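To start, the structure itself, in structure tokens.
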Amino acid sequence: MRGLAKTSRDAGSMELVDVDRPEPAADEALIEVEYAGLCGSDAGIYQFKSAFERMSVPTIIGHEYTGTVVEVGDAVTRLTPGQRVVERPIRGCDECFQCQTGTENLCQDIELTGIDRDGAYAGYITAPADSLQLVPDGVDPRHAALAEPTAVCTRAVIENSRVGAGDRVL
């Protein structure tokens with residue numbers, strides 16, 4: 001299969017590369033990607049801003065996506081082939097103070113899909129089963145692919161702003 005990958009540590013340096021279809025580990029699912037969105041992070045990766053210097057290259061980018069489970073690892077019990085999913089692409093260590101207090105996005109050992117592991121700009125992606133959420137029937141896959149950026153925006157407004165119910169905003 002082909003995937004869009006960051007191929008060097010220079011600005012630009014994005015190429016379609018040939019890669020093998022990934023195999024799911026025991027705790028992962030293999031997902032056929034339906035739709036993948038373009039995030040500001042992907043633009044930062046393209047420019048290779050300092051926040052992305054930890055990337056190994058080549059790495060397939062993309063973390064805002066929806067797809068269909070096609071295979072699950074031996075230890076996966078809550079997902080079955082044919083289910084549509086979206087991924088929570090930020091995974092902390094689960095042990096540090098930040099993770100224990102619900103701010104795993106601040107974990108020093110964070111793993112991000114499309115940065116620390118291959119992302120969704122390919123035909124297939126693997127993801128830990130516990131990072132996947134089911135997409136309800138009837139939800140357009142293009143809309144489901146927006147779940148991650150919508151969650152980021154919602155959290156920013158609810159937890160980090162001074163906006164409350166009944167406030168007028170622009």
For this session: Test LEU170 against the criterion of being under 23 Å from TYR46 (Cβ atoms) and either in contact with a helix residue (DSSP H, G or I) (Cβ under 9 Å, 6 or more places away or on another chain) or surrounded by fewer than 17 Cβ atoms within 10 Å (Cβ to Cβ) (or both), and give yes or no.
Result: no
For this session: Identify the residue in region 38-60 that is touching a residue at least 40 places away in the same chain (Cβ under 8 Å) and outside any loop (DSSP other than H, G, I, E, B) and, among all such residues, is surrounded by the fewest Cβ atoms within 10 Å (Cβ to Cβ).
Result: TYR46
Problem set entry | Subset of region 156-167 (residues that are assigned to a loop (DSSP other than H, G, I, E, B) and either surrounded by 10 or more Cβ atoms within 10 Å (Cβ to Cβ) or touching a Lys or Arg at 6+ places or on another chain (Cβ under 6 Å) (or both)) | SER161, VAL163
Problem set entry | Counted residues, region 25-52 - those being under 16 Å from the mean Cα position of the chain (by Cα) and not charged (D, E, K, R) | 15
For this session: Scan region 67-83 and give yes if some residue there is touching a helix residue (DSSP H, G or I) at 6+ places or on another chain (Cβ under 8 Å), open to solvent by less than 80 Å² (accessible area, probe 1.4 Å) and over 20 Å from GLN133 (Cβ atoms), otherwise no.
Result: no
For this session: Return the residue satisfying two criteria in turn: it lies in region 129-155 and is farther than 15 Å from GLY62 by Cα, open to solvent by 70 Å² or more (accessible area, probe 1.4 Å) and in a helix (DSSP H, G or I), and of such residues it is modelled with the lowest pLDDT.
Result: ARG155
For this session: Could you list all residues from region 84-100 that are in contact with an Asp or Glu (Cβ under 8 Å, 6 or more places away or on another chain), outside any loop (DSSP other than H, G, I, E, B) and under 17 Å from THR150 (Cβ atoms)?
Result: ARG84, VAL86, GLU87, ILE90
For this session: Would you check which residues across region 101-125 are in a strand (DSSP E or B), surrounded by fewer than 20 Cβ atoms within 10 Å (Cβ to Cβ) and not basic (Lys, Arg) and list them?
Result: GLU111, LEU112
For this session: State yes or no: is TYR35 surrounded by fewer than 21 Cβ atoms within 10 Å (Cβ to Cβ), assigned to a strand (DSSP E or B) and not small (Gly, Ala, Ser)?
Result: yes
Exercise. Quick one: which of THR113, THR126 is over 18 Å from GLY40 (Cα atoms), β-branched (Val, Ile, Thr) and within 11 Å of the chain's Cα centre (by Cα)?
Worked result: THR126
Seminar exercise, completed: Restricted to region 1-16 and to residues being surrounded by 15 or more Cβ atoms within 10 Å (Cβ to Cβ) and at pLDDT 95 or above, the residue farthest from ALA144 (Cα to Cα) is THR7
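The values are calculated or read from the model by the stated rules, or taken from the named source; none is laboratory data. No experiment lies behind these values; they were computed from the predicted model shown. Cβ: placed from backbone, ideal geometry, glycine included. Neighbour counts: every protein chain shown. Heads up: the accessible areas ignore ligands, DNA and RNA and are worked out on the full protein's heavy atoms, side chains in. Shrake-Rupley method; radii C 1.70, N 1.55, O 1.52, S 1.80 Å.
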